[in-house]
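Scroll down for the structure; my scribbles are underneath it.
The values are calculated or read from the model by the stated rules, or taken from the named source; none is laboratory data. This is a predicted model, so every value here is computed, not measured. Ideal geometry is used to build each Cβ from the backbone, glycine not excepted, and the neighbour counts take in all protein chains shown. Please note that ligands, DNA and RNA were not included when accessible areas were found on the heavy atoms of the full protein model with its side chains. Shrake-Rupley method; radii C 1.70, N 1.55, O 1.52, S 1.80 Å.
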Amino acid sequence: DAGVIQSPRHEVTEMGQEVTLRCKPISGHNSLFWYRQTMMRGLELLIYFNNNVPIDDSGMPEDRFSAKMPNASFSTLKIQPSEPRDSAVYFCASSYGQLYNEQFFGPGTRLTVL
Amino acid sequence: QKEVEQNSGPLSVPEGAIASLNCTYSDRVSQSFFWYRQYSGKSPELIMSIYSNGDKEDGRFTAQLNKASQYVSLLIRDSQPSDSATYLCAVRREAGTALIFGKGTTLSVSS
(Lines give C-alpha, C1' and ligand atoms only; values in the text may rest on other atoms or scores of the structure.)
Protein backbone atom coordinates (compact mmCIF):
# COMPACT_ATOMS: atom_id res chain seq x y z
CA ASP A 1 0.00 0.00 0.00
CA ALA A 2 1.46 3.38 -0.98
CA GLY A 3 2.36 5.78 1.77
CA VAL A 4 2.13 9.55 1.67
CA ILE A 5 3.55 10.84 -1.59
CA GLN A 6 5.23 14.22 -1.91
CA SER A 7 6.66 16.03 -4.89
CA PRO A 8 9.11 17.34 -5.72
CA ARG A 9 11.64 15.72 -3.39
CA HIS A 10 14.10 18.54 -3.89
CA GLU A 11 13.50 22.08 -5.04
CA VAL A 12 16.08 24.80 -5.59
CA THR A 13 14.77 28.20 -6.52
CA GLU A 14 15.73 31.82 -6.41
CA MET A 15 14.37 34.39 -4.03
CA GLY A 16 11.12 35.88 -5.25
CA GLN A 17 10.01 32.84 -7.22
CA GLU A 18 6.81 30.95 -6.55
CA VAL A 19 7.16 27.46 -5.12
CA THR A 20 4.45 24.81 -5.06
CA LEU A 21 4.78 21.65 -3.00
CA ARG A 22 2.41 18.75 -3.54
CA CYS A 23 1.10 15.96 -1.37
CA LYS A 24 -1.04 12.88 -1.88
CA PRO A 25 -2.21 11.41 1.44
CA ILE A 26 -2.72 7.74 2.15
CA SER A 27 -5.98 6.58 0.59
CA GLY A 28 -8.79 6.67 3.13
CA HIS A 29 -7.09 9.09 5.48
CA ASN A 30 -9.18 12.17 6.21
CA SER A 31 -6.69 14.43 7.99
CA LEU A 32 -3.70 16.03 6.31
CA PHE A 33 -0.92 18.01 7.90
CA TRP A 34 1.86 20.25 6.53
CA TYR A 35 5.00 20.61 8.65
CA ARG A 36 8.25 22.49 8.22
CA GLN A 37 11.50 21.25 9.78
CA THR A 38 14.65 23.28 10.38
CA MET A 39 17.59 22.77 12.69
CA MET A 40 16.75 25.91 14.62
CA ARG A 41 13.03 25.43 15.12
CA GLY A 42 12.54 21.71 14.79
CA LEU A 43 9.33 20.29 13.35
CA GLU A 44 6.59 22.91 13.19
CA LEU A 45 2.99 22.47 12.12
CA LEU A 46 1.99 24.91 9.41
CA ILE A 47 -1.61 23.91 8.71
CA TYR A 48 -3.88 20.93 8.92
CA PHE A 49 -7.03 19.85 7.14
CA ASN A 50 -9.81 17.54 8.21
CA ASN A 51 -12.15 16.25 5.50
CA ASN A 52 -10.54 18.76 3.10
CA VAL A 53 -11.40 21.73 5.34
CA PRO A 54 -8.59 23.80 6.92
CA ILE A 55 -8.92 23.44 10.69
CA ASP A 56 -5.88 25.23 12.06
CA ASP A 57 -3.62 27.48 9.98
CA SER A 58 -2.11 29.35 12.91
CA GLY A 59 1.31 27.97 12.05
CA MET A 60 1.41 29.50 8.59
CA PRO A 61 4.20 32.05 8.99
CA GLU A 62 2.78 34.83 6.85
CA ASP A 63 0.62 35.67 3.88
CA ARG A 64 3.27 34.42 1.49
CA PHE A 65 2.24 30.90 2.46
CA SER A 66 -1.03 29.35 1.32
CA ALA A 67 -2.36 25.80 1.30
CA LYS A 68 -5.26 24.13 -0.44
CA MET A 69 -6.89 20.73 -0.40
CA PRO A 70 -9.27 20.60 -3.35
CA ASN A 71 -10.11 16.92 -2.78
CA ALA A 72 -9.37 14.05 -0.45
CA SER A 73 -6.37 12.86 -2.43
CA PHE A 74 -4.40 16.04 -3.10
CA SER A 75 -3.03 19.08 -1.31
CA THR A 76 -0.67 21.90 -2.21
CA LEU A 77 1.46 24.27 -0.20
CA LYS A 78 2.45 27.41 -2.07
CA ILE A 79 5.03 30.02 -1.18
CA GLN A 80 4.89 33.26 -3.15
CA PRO A 81 7.27 35.02 -3.18
CA SER A 82 9.86 32.70 -1.68
CA GLU A 83 12.66 33.96 0.59
CA PRO A 84 15.95 32.37 1.71
CA ARG A 85 14.54 31.92 5.25
CA ASP A 86 11.92 29.59 3.79
CA SER A 87 14.66 27.02 3.15
CA ALA A 88 13.70 23.90 5.08
CA VAL A 89 12.34 20.40 4.70
CA TYR A 90 8.59 20.42 4.26
CA PHE A 91 6.72 17.29 5.33
CA CYS A 92 3.19 16.26 4.61
CA ALA A 93 1.52 13.75 6.93
CA SER A 94 -1.88 12.09 6.97
CA SER A 95 -4.03 10.23 9.46
CA TYR A 96 -7.46 8.66 9.79
CA GLY A 97 -10.14 9.43 12.31
CA GLN A 98 -10.21 11.69 15.32
CA LEU A 99 -9.45 9.72 18.44
CA TYR A 100 -5.95 8.39 18.97
CA ASN A 101 -5.18 8.83 15.32
CA GLU A 102 -1.55 8.22 14.33
CA GLN A 103 0.13 10.33 11.69
CA PHE A 104 2.17 8.92 8.82
CA PHE A 105 4.73 11.16 7.20
CA GLY A 106 5.73 11.52 3.59
CA PRO A 107 9.39 11.60 2.50
CA GLY A 108 9.51 15.40 2.56
CA THR A 109 10.51 18.12 0.11
CA ARG A 110 13.88 19.77 0.69
CA LEU A 111 13.48 23.39 -0.36
CA THR A 112 16.45 25.66 -0.93
CA VAL A 113 15.82 29.30 -1.74
CA LEU A 114 18.92 31.11 -3.00
CA GLN B 1 8.15 27.88 28.31
CA LYS B 2 8.39 25.55 25.35
CA GLU B 3 5.43 23.24 25.03
CA VAL B 4 7.41 20.04 24.54
CA GLU B 5 11.00 19.87 25.73
CA GLN B 6 13.69 17.32 25.08
CA ASN B 7 17.43 17.29 25.67
CA SER B 8 19.02 17.69 22.26
CA GLY B 9 21.87 15.32 23.09
CA PRO B 10 23.72 13.67 21.67
CA LEU B 11 23.07 10.76 23.96
CA SER B 12 25.80 8.20 23.49
CA VAL B 13 25.43 4.61 24.68
CA PRO B 14 27.39 1.44 23.92
CA GLU B 15 25.80 -1.39 22.00
CA GLY B 16 23.68 -3.58 24.26
CA ALA B 17 23.03 -0.87 26.85
CA ILE B 18 19.72 0.74 27.77
CA ALA B 19 19.08 4.15 26.22
CA SER B 20 16.76 6.45 28.15
CA LEU B 21 15.13 9.37 26.36
CA ASN B 22 13.09 11.94 28.24
CA CYS B 23 10.43 14.49 27.38
CA THR B 24 8.42 17.00 29.39
CA TYR B 25 5.35 18.90 28.29
CA SER B 26 3.67 22.01 29.57
CA ASP B 27 -0.03 21.51 28.80
CA ARG B 28 -1.65 19.53 31.61
CA VAL B 29 -4.67 18.57 29.51
CA SER B 30 -2.57 16.70 26.95
CA GLN B 31 -4.05 13.28 26.29
CA SER B 32 -1.93 11.46 23.71
CA PHE B 33 1.81 10.98 23.53
CA PHE B 34 3.98 9.65 20.75
CA TRP B 35 7.59 8.81 20.04
CA TYR B 36 8.87 9.16 16.50
CA ARG B 37 12.24 8.06 15.19
CA GLN B 38 13.92 10.06 12.44
CA TYR B 39 17.02 8.88 10.64
CA SER B 40 19.21 11.54 9.08
CA GLY B 41 17.68 12.76 5.84
CA LYS B 42 14.50 10.73 6.33
CA SER B 43 11.00 11.43 7.54
CA PRO B 44 9.76 10.74 11.08
CA GLU B 45 8.29 7.29 11.68
CA LEU B 46 6.05 6.37 14.59
CA ILE B 47 7.53 3.82 16.99
CA MET B 48 5.39 4.13 20.12
CA SER B 49 2.20 5.74 21.34
CA ILE B 50 0.94 5.91 24.92
CA TYR B 51 -2.25 7.34 26.35
CA SER B 52 -2.45 6.17 29.98
CA ASN B 53 -0.17 6.52 32.96
CA GLY B 54 2.32 3.71 33.36
CA ASP B 55 4.45 1.65 31.03
CA LYS B 56 3.79 0.32 27.56
CA GLU B 57 6.18 -2.22 26.07
CA ASP B 58 6.72 -3.14 22.43
CA GLY B 59 9.70 -5.36 21.76
CA ARG B 60 12.86 -3.56 22.89
CA PHE B 61 10.97 -0.29 23.39
CA THR B 62 9.15 0.83 26.54
CA ALA B 63 7.26 4.10 26.78
CA GLN B 64 6.55 5.49 30.24
CA LEU B 65 3.99 8.19 31.02
CA ASN B 66 3.49 10.19 34.21
CA LYS B 67 0.78 12.77 33.68
CA ALA B 68 1.09 14.19 37.19
CA SER B 69 4.71 15.06 36.50
CA GLN B 70 3.99 15.88 32.83
CA TYR B 71 6.73 13.54 31.80
CA VAL B 72 7.05 10.88 29.15
CA SER B 73 10.08 8.73 28.44
CA LEU B 74 11.28 6.09 26.02
CA LEU B 75 13.58 3.25 27.02
CA ILE B 76 15.41 1.26 24.38
CA ARG B 77 16.80 -2.03 25.68
CA ASP B 78 19.73 -3.84 24.07
CA SER B 79 20.55 -0.76 22.00
CA GLN B 80 21.85 -1.45 18.50
CA PRO B 81 23.85 0.79 16.14
CA SER B 82 20.75 0.81 13.93
CA ASP B 83 18.93 2.66 16.72
CA SER B 84 21.19 5.68 16.13
CA ALA B 85 18.75 8.40 15.09
CA THR B 86 16.91 11.43 16.39
CA TYR B 87 13.91 10.63 18.59
CA LEU B 88 11.05 13.08 18.56
CA CYS B 89 8.51 13.33 21.35
CA ALA B 90 5.06 14.51 20.26
CA VAL B 91 2.05 15.48 22.34
CA ARG B 92 -1.59 15.96 21.41
CA ARG B 93 -3.85 18.09 23.57
CA GLU B 94 -7.10 16.39 22.63
CA ALA B 95 -8.54 14.22 19.93
CA GLY B 96 -8.72 15.95 16.58
CA THR B 97 -6.02 18.48 17.32
CA ALA B 98 -2.55 18.54 15.87
CA LEU B 99 0.62 17.09 17.37
CA ILE B 100 3.17 19.35 19.01
CA PHE B 101 6.70 18.09 18.60
CA GLY B 102 9.81 18.52 20.67
CA LYS B 103 13.05 19.27 18.87
CA GLY B 104 14.31 15.76 19.37
CA THR B 105 17.14 13.92 21.08
CA THR B 106 19.94 12.51 18.99
CA LEU B 107 20.96 9.01 20.05
CA SER B 108 24.27 7.47 19.05
CA VAL B 109 24.87 3.77 19.72
CA SER B 110 28.47 2.69 19.35
CA SER B 111 29.46 -0.86 18.46
### Task
Taking the dipole about the Cα centre of chain B, with the C-beta of Lys and Arg at +1 and of Asp and Glu at -1, give me whichever of B:G9, B:Q80, B:I100 is farthest to the positive side.
B:I100
### Summary
Sorted list, accessible surface of protein heavy atoms, 1.4 Å probe, largest first, for A:R110, A:R85 is A:R85, A:R110
### Summary
Counting only protein heavy atoms with a 1.4 Å probe and every protein chain in place, the carbon and sulfur fraction of the accessible surface of chain A in whole percent equals 51
## Note on the structure
Short to long, in 5 Å steps from zero, the percent of alpha-carbon pairs of the range B:36-111 per bin is 3, 14, 24, 26, 20, 9, 4, 1, 0
### Principal semi-axes in Å for the range B:70-110 [√(5λ), Cα gyration tensor, largest first]
26, 11, 8
### Rel. contact order, % - alpha carbon contacts under 8 angstrom, at least six apart, the range A:28-95
37
## Note on the structure
Shape descriptor, the range A:1-50: equivalent ellipsoid semi-axes (Cα gyration tensor, sqrt 5λ, whole Å, largest first) stand at 22, 15, 11
## Note on the structure
Note on chain A: the mean projected area of its alpha-carbon convex hull, in nm², is 6.7
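Largest first, what is the accessible-area ranking of B:D83, B:D58, A:D63 with a 1.4 Å probe?
Result of the area sort, largest leading: A:D63, B:D58, B:D83.
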#### Entry: Sequence of A:Y96, B:Y39, A:Y90 when ordered by accessible area, the most exposed leading, probe 1.4 angstrom
A:Y96, B:Y39, A:Y90
## Note on the structure
Result for chain B: accessible area per residue, probe 1.4 angstrom, in square angstrom, of 47
### Query
With the other protein chains left in place, how much accessible area per residue, in square angstrom, belongs to chain A at a 1.4 angstrom probe?
51
### Task
Give me the net charge of A:E14's neighbourhood, meaning all other residues with Cβ under 13 Å from the Cβ of A:E14; Lys, Arg count +1, Asp, Glu -1.
-4
### Surface/4 estimate of mean projected area, convex hull on alpha-carbon atoms of the protein assembly as shown, nm²
12.4
### Message
What is the distance in Å between the Cα centroid of the range B:17-31 and that of the range B:45-111?
### Response
7
### Query
Of A:K24/B:K67; B:K42/B:K103; A:K68/B:K103, which pairs sit farther than 24 Å apart, going by alpha carbon to alpha carbon?
A:K24/B:K67; A:K68/B:K103
### Summary
Here the residues of the range B:1-34 lying in the modelled label zone of B:N66, meaning backbone nitrogen under 12 Å from a point 7 Å along Cα-to-Cβ, are B:23-24
#### Entry: Cut-off of 10 Å, at most 15 other beta carbons, DSSP loop: longest stretch of chain B lacking such GluC sites (Glu not before Pro)
B:16-93
